[in-house]
């Protein structure tokens, strides 16, 4: 039987910080599910559909920038994979299911992901202790994960663990809130400065996208075209960013 790679051990201090963060995340998402707030992200809503399109467009551009028009050999790890939507999207773009891996802290998310994607490697586990060999992945991704970790030390450990699994020519793709959400202590904005802190030595290519959610939820049902125009013309109204981290070099500014 093949040896299952073990996560790197944590010291007592780091372990205590991360254990607290994991418990907080379980509690926050449990309360959100119980409150029904997740319904605002229903697949059929115009604002959700627009955001899905924008995300896929920017992610596709990042993959092409890396020269990965053929995804069949790409080994991918999605940290905080949820129900596996991103991994399934990669399948439709040509990735092989046996090269795709997902980890999520919440068992119900992984249970749903396995129902939808039984042939993808999906595991209940912590992003802070990934059960994968060092330098084993071509692409490591995280979507609205870092903004869900208010503790800076815990974010740094998470970034270190993601980078550990990346091979020498690999890339990291992060999609997240770039501004903090007023009144929400459970999230924090992740800007370019923080990405540089988390991943020193990487070249950073970034792009802002997505209108502020309250604004988009109001405009999109009335006019999707107006929402697209506002996003294009008013960068100060964009609340999210796509960060693409490449091997070291000079970084490019956000556009």
Output the residue which, of all residues in segment 178-191 that are in contact with a strand residue (DSSP E or B) (Cβ under 6 Å, 6 or more places away or on another chain) and either without any contact (Cβ under 8 Å) to a residue 24 or more places away in the chain or over 16 Å from residue 157 (Cα atoms) (or both), is surrounded by the most Cβ atoms within 10 Å (Cβ to Cβ).
178
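Quick check on my filter: what residues within segment 101-135 are assigned to a strand (DSSP E or B) and within 15 Å of the chain's Cα centre (by Cα)?
Kept after step one, since they are assigned to a strand (DSSP E or B), are these residues of segment 101-135: 101-104, 121-124.
Once the filter is applied, which keeps residues that are assigned to a strand (DSSP E or B) and within 15 Å of the chain's Cα centre (by Cα), segment 101-135 yields 101, 102, 103, 104.
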Test each condition in (1) in contact with a helix residue (DSSP H, G or I) (Cβ under 7 Å, 6 or more places away or on another chain); (2) over 18 Å from residue 78 (Cα atoms); (3) crowded, with 16+ Cβ neighbours inside 10 Å; (4) at pLDDT 95 or above for residue 226 and report the one that comes out false.
(3)
May I ask you to list the residues in segment 63-84 that are part of a helix (DSSP H, G or I), at pLDDT 95 or above and in contact with a strand residue (DSSP E or B) (Cβ under 9 Å, 6 or more places away or on another chain)?
63
Only one of 127, 84 is on the phi > 0 side of the Ramachandran plot and crowded, with 18+ Cβ neighbours inside 10 Å; which?
84
For segment 138-165 the number of residues that are outside any helix (DSSP H, G or I) and in contact with a helix residue (DSSP H, G or I) (Cβ under 9 Å, 6 or more places away or on another chain) is 10
Go through segment 194-216 and count every residue that is in a helix (DSSP H, G or I), touching a residue at least 24 places away in the same chain (Cβ under 8 Å) and under 21 Å from residue 236 (Cβ atoms).
4
Applying the selection to segment 168-177, what residues are modelled with pLDDT of 95 or more and either buried (at least 22 other Cβ atoms within 10 Å of the Cβ) or under 12 Å from residue 139 (Cα atoms) (or both)?
170, 171, 172, 173, 174, 175, 176
Out of curiosity, is residue 185 at pLDDT below 95, farther than 19 Å from residue 142 by Cβ and assigned to a loop (DSSP other than H, G, I, E, B)?
yes
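The values are calculated or read from the model by the stated rules, or taken from the named source; none is laboratory data. Everything numeric in this text was worked out from a predicted model, so none of it was measured. Using ideal geometry, Cβ is built from the backbone for each residue, glycine included, and neighbour counts are taken over all protein chains shown.
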